[in-house]
Amino acid sequence: MTLIALIASNAFAANPDVAATITPPATNTVYSATRWYVTVSNTGNQDAAGSKVVIQLPTTNTSPQVYVMGTVSAKSSSCTASGTKLTCSLGTIKRNKTSTVYFDIALPESSGTLDFSATASTTTAGNPTGNDTDTEVAVMSYYSPTTAGGVTVTNRHCTGTSLEAFFECELFPSSISSHSAVFNTDGSVSIPADGSYSGSWSISGDELTFDYTQGSVVEAEFVGHGVDGTSCWEGLTTFPGSTYVAPYEVCF
């Protein structure tokens, strides 16, 4: 009887059970602030004191210092920003109750995914950890600038080994350089400053692609998306055979 009583006692022990759920917007238009919600629920049979949720925002690939890949413009008053995280103090969440916080963020064009996570915790003992964390990847939408060619474009860029977004270049303005190219009406590319280079370009929806060639050798390849409704794309230029990359802003 003692063993049965002990098992029964443990089975019905009073414990909190906090879990985080991220609710993203349906889509995020590049560089436009959208609102994200994070809800912490307590499905346990004990109140969860000292509850909080730590939200990990998308991060840059800059070094040695890492930044938020985007701009946070608003957040719940209970949330404090530190580095690339938001920590939101939720107090006591009663059993079978929830607490929700929000933040607004404008996300850039990026060749990589823009990842979010949220982890809930409580100071009350007995909280299981299997459902504390939720993750989401931002769904992005872009603009579709169009040109029939015959235009000169300005390419602003910086260079590194792990970069994924022109946003990262803009964090260090002194690292940005630029050059001009011509998108010709026949789909070819020429570079006024160096006639030894040529290439090709095309637009499909919100995506711009082009390459630079020297002779028959492809020296650089760009893929990017429209970041405004009129004249600019951002994306990543890669160099075959090299570990270096160059995020570009391409505007005409």
Unmet requirement for S196, which otherwise passes all of (1) touching a strand residue (DSSP E or B) at 6+ places or on another chain (Cβ under 6 Å); (2) over 24 Å from T243 (Cα atoms); (3) free of Cβ contacts under 8 Å to residues at least 24 places away in the same chain; (4) not charged (D, E, K, R): (2)
What number goes with the only condition from (1) under 26 Å from L107 (Cβ atoms); (2) surrounded by 14 or more Cβ atoms within 10 Å (Cβ to Cβ); (3) of a type in the set (G, A, S) that S200 does not pass? (1)
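Do we find a residue being in a loop (DSSP other than H, G, I, E, B) and either under 17 Å from the mean Cα position of the chain (by Cα) or farther than 23 Å from M69 by Cβ (or both) anywhere in the stretch 151-160? Break it down stepwise before answering.
Going residue by residue through the stretch 151-160, those that are in a loop (DSSP other than H, G, I, E, B) are 158-159.
Checking which are either under 17 Å from the mean Cα position of the chain (by Cα) or farther than 23 Å from M69 by Cβ (or both) leaves us with none.
Scanning the stretch 151-160, I find no residue that is in a loop (DSSP other than H, G, I, E, B) and either under 17 Å from the mean Cα position of the chain (by Cα) or farther than 23 Å from M69 by Cβ (or both), so the answer is no.
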Can you tell me how many residues within the stretch 229-245 are surrounded by fewer than 16 Cβ atoms within 10 Å (Cβ to Cβ) and closer than 15 Å to G205 by Cβ? 1
Name the residues in the stretch 170-184 that are in contact with a helix residue (DSSP H, G or I) (Cβ under 9 Å, 6 or more places away or on another chain) and of a type in the set (V, I, T), would you? I176
Of S111, S121, S117, S144, the only residue that is surrounded by 13 or more Cβ atoms within 10 Å (Cβ to Cβ) and in contact with a Lys or Arg (Cβ under 9 Å, 6 or more places away or on another chain) is S121
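All of the numbers you see were taken from the coordinates with simple rules; none came from a lab. Owing to the predicted nature of the structure, the values given are computational and were not obtained by experimental measurement. A quick note on method: Cβ atoms are made from the backbone with ideal geometry, for glycine too, and the neighbour counts reach across all protein chains shown.
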